[in-house]
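Asker: One structure is given below, represented as structure tokens, and several questions about it will come after.
Just so it is clear, none of the values below were taken in a lab; they were calculated from the coordinates. What you see is a predicted model; the values in this text were computed from it and never measured. Cβ sites come from the backbone with ideal geometry, for glycine too, and all protein chains shown count toward neighbours.
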Amino acid sequence: MGPRYTGTSNQGGGGFMIGEMKVFSGTSHQGLAGGIAAHIGMPLGKVKFTRFSNENIKVKIDENVREADVFVIQSSCPPVSDNLLELLILIDALKFASAARITAVLPYFPYARSDKKDEARISITARLVADLLQTAGADRVLTMTLHAPQILGFFRIPADQIFATPIQAQHFRRTDISNSVVVATDAGAAKFAGHFAKRLGLPLALIDKRRSDDSEKAQSVALIGEVKGMDAIIYDDEIATGGSISEASRMLRQFGARKVSVGVTHPVFSGPAVERLNEADLDELVVTDTIPIPEAKASVIKNLKILSTAAMFGDAILRIHGGRSISEMMD
Ligand code: R5P
């Protein structure tokens, strides 16, 4: 039997007792899930996934989970909708196998960009995902760097958000940042990038980015702040098609930036991202492992550095299990 982890009442922040901890993973990102389990010091729970010829998914939990405090790791990556459904089925199976509490751990939240009604008669799918997780049986949610913090408000169960900012700040601190400026790719990212700039003690510049439609084409129209002769660090939540980063780097070089590096949490790398990122000729592209990057992409993207979030998720899981503060660990 693996080690037993139980919360105690004397760990600071008001701990409590709950059943044995178990960590399960869907099939989307077993590399990260394995790293999280290794950091915690326990094996991943035994589960079997079967995909039938009619594309139906069957999940069988292959060990006892009665009264256990269960964490289920599943990120959002292609095939996005299949992985989401697999997670829902896994949660449902755990619930009906009598787990005491189920926490859905979503390193990259599915449909995170569908979070607002900014056009008539459109879907707000991130809210639907929140509803689905709760209906399936999730009691809590743990996720990283949401596209917009208000997504937490879509839940009627406790939802915790952690950030890769400390890991990325540590990385950039190892380089010479004495002449650097942090750059937000748009007004939406300004607060998020501002926290990063503050952590590093750097000034902040802001790009005015516009999108006219759903074509995923971004256009940078103005730059607010000083970048001339400086080393720019563009900071954003994700790279999807790479449009925002290529536009931002073009504008920063036009305004005289000496170097252009990038720090983002989620490497979605969809559509023309690889070509755009290589054309942008970045001095460094620092991402995390919340999403698995296929080797065919990782091996050709220039100056790519992937930071592990496993320890951070592992610590957050241990804190949730022990009833300890999550915000404390962000400091
Ligand atoms: C935008 O609102 C986000 O913060 C990212 O800038 C965006 O998701 C990146 O998308 P893309 O790489 O396609 O420009």
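Asker: Tell me the net charge near L94. Cut-off is 15 Å between Cβ atoms, L94 excluded, with +1 for each Lys or Arg and -1 for each Asp or Glu. Display every interim value, and only then the final one.
Answerer: Details: positive: K22, K46, K48, K58, K60, R66, K95, R101, R140; negative: E20, D62, E63, E67, D69, E86, D92, D139.
Residues near L94 contribute +1 overall.
Asker: On a 0 to 90 degree scale, rounded to 10, what angle separates helix 243-254 from the longest Cα axis of the chain?
Answerer: Result, in degrees: 30.
Asker: Additional query: I need the trypsin sites (Lys or Arg not before Pro) found in the stretch 143-207, filtered to DSSP loop residues with at most 11 other beta carbons within 10 Å of theirs.
Answerer: Answer by residue number: R156, R174.
Asker: Per residue Cα convex hull volume for the chain, in cubic angstrom?
Answerer: Cα-based convex hull of the chain, divided per residue, equals 143 Å³.
Asker: Right, something else. Ratio of alpha-carbon Rg to the 2.2 N^0.38 Å globular estimate for the stretch 235-331, to two decimals, please.
Answerer: Against the compact-globule rule of thumb, the ratio is 1.27.
Asker: For K198 and T175 in the same chain, what is the full-extension length gain: residue separation times 0.36 nm, less their Cα-Cα distance, in nm?
Answerer: Computed gain between K198 and T175 is 6.6 nm.
Asker: May I ask you to work out the translational diffusion coefficient for the stretch 83-213 at 10 °C, viscosity 1.306 mPa s, via Stokes-Einstein with Rh from the Kirkwood sum over Cα pairs, reported in whole µm²/s?
Answerer: Rounded to a whole number, D works out at 94 µm²/s.
Asker: Here's another thing I want to ask about it. Taking the Cα centre of the stretch 113-184 as origin and charging only Cβ (+1 Lys, Arg; -1 Asp, Glu), how large is the dipole, in debye to the nearest 20?
Answerer: With only Lys, Arg, Asp and Glu charged at Cβ, the dipole is about 40 debye.
Asker: Would you work out the charge dipole size for the stretch 165-307 about its Cα centre, treating the Cβ of every Lys and Arg as +1 and the Cβ of every Asp and Glu as -1, and quote it to the nearest 20 debye?
Answerer: On the way: 18 positive and 19 negative charges, 90 e Å.
About 420 debye.
Asker: What angle, in degrees between 0 and 90 and rounded to the nearest 10, separates the Cα long axis of helix 190-200 from the longest principal axis of the Cα atoms of the chain?
Answerer: That works out to roughly 90 degrees.
Asker: If you split all Cα-Cα distances of the stretch 165-307 into 5 Å bins from zero, what percentages do you get per bin, shortest first?
Answerer: 2, 10, 22, 25, 22, 13, 5, 1
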